[in-house]
Amino acid sequence: MTGKLYYQDAYLTSFETKIVKEGFDESQKKAYVLLEDTAFYPTGGGQPHDIGEIDGHNVLDVEEVNGELRHYVETIPKRTDKVSCSINWERRFDHMQQHAGQHILSAAFENTYGYKTISFHLGKEICTIDLAITDINEVEINQVELICNKIILENKPIITKWITEEELPAYHLRKELTVKDNIRLVIIPGVDDNGCGGTHPKSTGEVSVIKILGLEKQKKHIRVQFVCGHRVRHQLHDKHKVMVELTSKLNAPQEKLSEAADRLIENNRELQKDLENLKSQLIQYEANELISNAHLLNNVHVISSVYINRPISDLQDLAKDLLTKKNNTIIILISDNQEKLQLVSARSEDINLNLNAVLKGILPDINGKGGGKPSFVQAGGDKAISSESLLRNFLENVKNVIN
């Protein structure tokens, strides 16, 4: 059984021990070693694993598998009487801050409003807790955040303690325990008693600060996004950088950014309307031009055209507009988009022609896919032939079907 030094001293960053076993995890395709003692914390209880080095060899992951504390390594260190190990302290302390912050936050929600935490996730950038409620308001969020940071400023001790099942009644636990042996409590006097196997700082003051970033409504609960400690500074730095850029781009002071953004959005809506109107006028103009250049095929009017890099949505709109203007008509529009060809074809309702059957005959020419209604189809495929050849082949199929 590996000695768990991280429970003796969460601040231990380097230690010496020996390798007692080497192995290879077939499921993960990674090598691992077992150490006689370790300060590397394994993934568990919502807290991610530590990383670091064993005799200069990178530790990539740490997991408890079948009672073994496996240290997954990039390369296996040479087995000697002693190996020197070091923990990535920046990562470890970040996890300690986030985990302790979660205890404070969950306790504040429950102690103040009775909102229980049902899960916790310590992410790479943002942490979350899920509350067993379906709604929450801004006043409650602000009040809980205020209480949390007051607890931090009070610099209360964070105590870890091993107890027996018989001793449990002396504590007011926030949630039921999942174990009956080797019970480890994390206690913040007057705030929280909680069973936990994670690493934590010695006092609430070391959490530094807690900031709730946002909420996400799930089906039966509320997800609260938050950060603690150094992550708050990183968040502030990133958001301040964005704020400065927006202040410059929108030519507005910080307190007026929301109004400036609203104006920009409204202007964009108006421009979008103007663009749609102009696009509609252009489509109608193009439709009239195409009608004037239509030709007869077995007494049916054929309107066709090839475009370069034209969105298929334009072809669809153009075909629909043409159908409103002329009867006894078949429309074939093709867009040549560098390595791809796209096609839209339509017919007026007074023509008895299944365009799906026509389309099926030319799809192999472009290794294409497509379909639609008998009166309106679209397709796309490789530029295996020229756009002009595709148009000719389509028209030939139409001619054969009409005959």
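Quick test of your reading of the structure: R392 fulfils all but one of (1) surrounded by fewer than 15 Cβ atoms within 10 Å (Cβ to Cβ); (2) in contact (Cβ under 8 Å) with a residue 24 or more places away in the chain. Name the failing condition by number.
It is condition (2) that R392 fails.
Which number in (1) in contact with a helix residue (DSSP H, G or I) (Cβ under 6 Å, 6 or more places away or on another chain); (2) farther than 22 Å from E286 by Cβ; (3) among the aliphatic types (A, V, I, L, M) marks the one condition that I402 misses?
Just one mismatch for I402, condition (1).
Go through (1) part of a loop (DSSP other than H, G, I, E, B); (2) in contact (Cβ under 8 Å) with a residue 40 or more places away in the chain for G23 and report which single condition fails.
Only one criterion is unmet by G23, namely (1).
Condition first: of a type in the set (S, T, Y) and more than 20 Å from L60 (Cβ to Cβ). Now tell me which residues in region 1-37 satisfy that.
Residues satisfying the conditions are Y7, Y11.
Determine which single condition P42 fails, assuming it passes every other condition in (1) over 18 Å from T178 (Cβ atoms); (2) buried (at least 19 other Cβ atoms within 10 Å of the Cβ).
With (1) over 18 Å from T178 (Cβ atoms); (2) buried (at least 19 other Cβ atoms within 10 Å of the Cβ) applied to P42, the lone miss is (1).
Tally the residues that are touching a Ser or Thr at 6+ places or on another chain (Cβ under 8 Å) and surrounded by fewer than 21 Cβ atoms within 10 Å (Cβ to Cβ), restricting the search to region 330-343.
Here the count works out to 1.
Please find, within region 205-238, the residue that is surrounded by the most Cβ atoms within 10 Å (Cβ to Cβ) out of those that are over 21 Å from S119 (Cα atoms) and among the polar types (S, T, N, Q).
Going through the qualifying residues, I end up with S208.
Only one of T117, T134 is surrounded by 18 or more Cβ atoms within 10 Å (Cβ to Cβ) and touching a residue at least 24 places away in the same chain (Cβ under 8 Å). Can you tell me which?
T117
Just to be sure I understand, how many residues within region 232-265 are over 29 Å from the mean Cα position of the chain (by Cα) and either under 30 Å from Q316 (Cβ atoms) or assigned by TED's automatic domain parsing to the domain that holds T324 (or both)?
Here the count works out to 0.
Right, V398: closer than 19 Å to A294 by Cα and either touching a residue at least 40 places away in the same chain (Cβ under 8 Å) or hydroxyl-bearing (S, T, Y) (or both) or not?
yes
Considering only residues that are modelled with pLDDT of 95 or more, over 18 Å from I188 (Cβ atoms) and of a type outside the set (D, E), which ones fall in region 131-175?
L131, A132, I133, T134, I136, N137, V139, I141, N142, Q143 - these are the residues of region 131-175 that are modelled with pLDDT of 95 or more, over 18 Å from I188 (Cβ atoms) and of a type outside the set (D, E).
Filter region 373-387 for residues that are closer than 21 Å to I330 by Cα, surrounded by fewer than 16 Cβ atoms within 10 Å (Cβ to Cβ) and within 40 Å of the chain's Cα centre (by Cα) and give the result.
K373
When you look at A357, is it over 25 Å from L275 (Cβ atoms) and either hydrophobic (A, V, I, L, M, F, W, C) or assigned to a helix (DSSP H, G or I) (or both), yes or no?
yes
Tell me which residues, restricted to region 173-193, are under 13 Å from P157 (Cβ atoms) and among the polar types (S, T, N, Q).
Residues satisfying the conditions do not exist here.
Out of H95, H103, I need the residue that is surrounded by 16 or more Cβ atoms within 10 Å (Cβ to Cβ), in contact with a Leu (Cβ under 9 Å, 6 or more places away or on another chain) and under 24 Å from P201 (Cα atoms). Which one?
H95
Can you find a residue in region 75-92 that is in contact with a Leu (Cβ under 8 Å, 6 or more places away or on another chain) and exposed (fewer than 15 other Cβ atoms within 10 Å of the Cβ)?
Scanning region 75-92, I find no residue that is in contact with a Leu (Cβ under 8 Å, 6 or more places away or on another chain) and exposed (fewer than 15 other Cβ atoms within 10 Å of the Cβ), so the answer is no.
Tell me which residues, restricted to region 54-72, are surrounded by 21 or more Cβ atoms within 10 Å (Cβ to Cβ) and touching a His at 6+ places or on another chain (Cβ under 6 Å).
V59, V62
Please enumerate the residues belonging to region 304-329 that are in a loop (DSSP other than H, G, I, E, B), modelled with pLDDT of 90 or more and surrounded by fewer than 17 Cβ atoms within 10 Å (Cβ to Cβ).
If the condition is that a residue be in a loop (DSSP other than H, G, I, E, B), modelled with pLDDT of 90 or more and surrounded by fewer than 17 Cβ atoms within 10 Å (Cβ to Cβ), then N309, P311, N327, N328 are the ones that fit.
The values are calculated or read from the model by the stated rules, or taken from the named source; none is laboratory data. Just so it is clear, the model here is predicted, and its values are computed rather than measured. Counting neighbours? That spans all protein chains shown, and the Cβs are built from the backbone with ideal geometry, glycine included.
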